[in-house]
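Rule-based calculations on the coordinates, nothing more; no lab input. All figures in this text were calculated on a predicted structure; none of them were measured in a lab. In this analysis, Cβ positions are derived from the backbone assuming ideal geometry, glycine residues included, and neighbour counts consider all displayed protein chains.
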Amino acid sequence: MKPEKRKFRLDMTITEIEEVDREKGLFRFRAIPDPRVWEKRTIDGKNGYWHKIDNIFLSEEELKKAAPTLKGKPIDVEYIGMKNKDEYLRRSKKRIEGKSSS
Amino acid sequence: MKENHPLENSSFGLVVLYVDIRHSTKIARKLRPLEQKLYYETFLNEMISIIEDFGGYTFKTTGDCVIGFFPEEGGFQWADNVILCGLMMIEVVKNNISPYLESKGLPALECRIGADYGEAQVIKLSSQKLPFNVEVVGSVMNIAAKVQSNADTNQMFIGENLAEIIYAEYRVDCEYKGDLKFDGDTYKLFKVNYALG
């Protein structure tokens, strides 16, 4: 049986940012679905974004419905772990040689 | 895994990753017992360390294969880490493990990786003689194994469910490589071509 889909991911790219209140730490930004995978399209008279790989259409109406759900949510910066290949390879080499001499 | 793990008796989302040695049976036949020990030990231990470095857990090892899992968390970083983990495994095999083994007079080693995302359950086993007393079951386990069997030397393949939740930067470098068939349904396979910096 084909596995069920459990999650949906929508990466956004910030295109504009504007300071609202520096003291309170408030700012306003404009974000669009990541253009590397989403492109703007109009289908059946509806404006929205087309996923170039998954062939999914996300209308602007649906996006608007999602926006209020973000209210009050913190902005998380997720840690992108260990992307630096050379640094990681040095660490791994030490580990391999260390295990062999122990 | 500890006893009374919170995952017990519940369904949960996870990515399962398989990594094994290419042509290991053929290679191992030509090695002496101590050489075989070094060959497998170096590979298995380093793969386990990499899984842990990227936030995963080693579920088990079976011969020349390590099965890791990455439980679903908030956000998507945990899924992105699976991609980085798999790609780093290939780099470590090519740049560290193979040269190290060759320096000991052993043949170079190649691997292949498969991973997919889905739902699984933890079940308790009643045997007192097994070295572990829990098992993870779910179709994702079988699918991830099938995904891996399609990968070639030093390649990472992922299933459709995982492909759809990884970061756009990695996603655009995934190459469609055909389908798995499920009773008339098809399930897409992708090769990860993203280059680590």
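At a glance:
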{"quantity": "Globularity ratio of the protein assembly as shown, using Cα Rg and 2.2 N^0.38 Å", "calculated": "1.13"}
{"quantity": "Cα principal axis extents for segment B:43-197, largest first, Å", "calculated": "47, 46, 32"}
{"quantity": "Alpha-carbon Rg with Dmax, taken over segment A:12-77, Å", "calculated": "14.4, 46"}
{"quantity": "Tail beyond 22 Å, pair distance distribution of segment B:1-93 (Cα, percent)", "calculated": "36 percent"}
{"quantity": "Phi-based couplings in Hz for segment A:46-61 (Karplus 6.51, -1.76, 1.60; Gly and Pro marked x)", "calculated": "9, 7, x, 10, 10, 7, 5, 9, 8, 6, 10, 9, 10, 6, 4, 4"}
{"quantity": "Using θ = phi - 60° and Karplus 6.51 cos²θ - 1.76 cosθ + 1.60, couplings along segment B:38-49 (whole Hz; Gly, Pro as x)", "calculated": "5, 4, 6, 4, 4, 5, 5, 4, 6, 5, 4, 4"}
{"quantity": "Residue order, fewest to most surrounding Cβ atoms within 10 angstrom, among A:ASP21, B:ASP53", "calculated": "A:ASP21, B:ASP53"}
{"quantity": "Residue among B:LEU14, B:LEU38, B:LEU84 with the largest mean-square fluctuation in a Gaussian network model of chain B, springs linking Cα atoms under 10 Å", "calculated": "B:LEU38"}
{"quantity": "Taking B:MET88, B:MET141 and counting other C-beta atoms within 10 Å, the order from fewest to most", "calculated": "B:MET141, B:MET88"}
{"quantity": "Exposure proxy order (Cβ contacts within 10 Å, fewest to most) of B:CYS174, B:CYS111", "calculated": "B:CYS174, B:CYS111"}
{"quantity": "Most mobile of B:GLY63, B:GLY105, B:GLY114 in a GNM of chain B (Cα contacts under 10 Å)", "calculated": "B:GLY105"}
{"quantity": "Links that overshoot a 29 Å alpha carbon limit, given the list A:LYS52/B:LYS94; B:LYS94/B:LYS129; B:LYS26/B:LYS104; B:LYS60/B:LYS146", "calculated": "A:LYS52/B:LYS94; B:LYS94/B:LYS129"}
{"quantity": "Placed amide H near B:GLU72: partners under 5 Å, 5+ positions off or other chain", "calculated": "B:GLY13, B:LEU14, B:VAL15"}
{"quantity": "Sequence ranges B:153-163, B:24-34, B:64-74, A:28-38, ranked by mean other-Cβ count within 10 angstrom, highest first", "calculated": "B:153-163, B:64-74, A:28-38, B:24-34"}
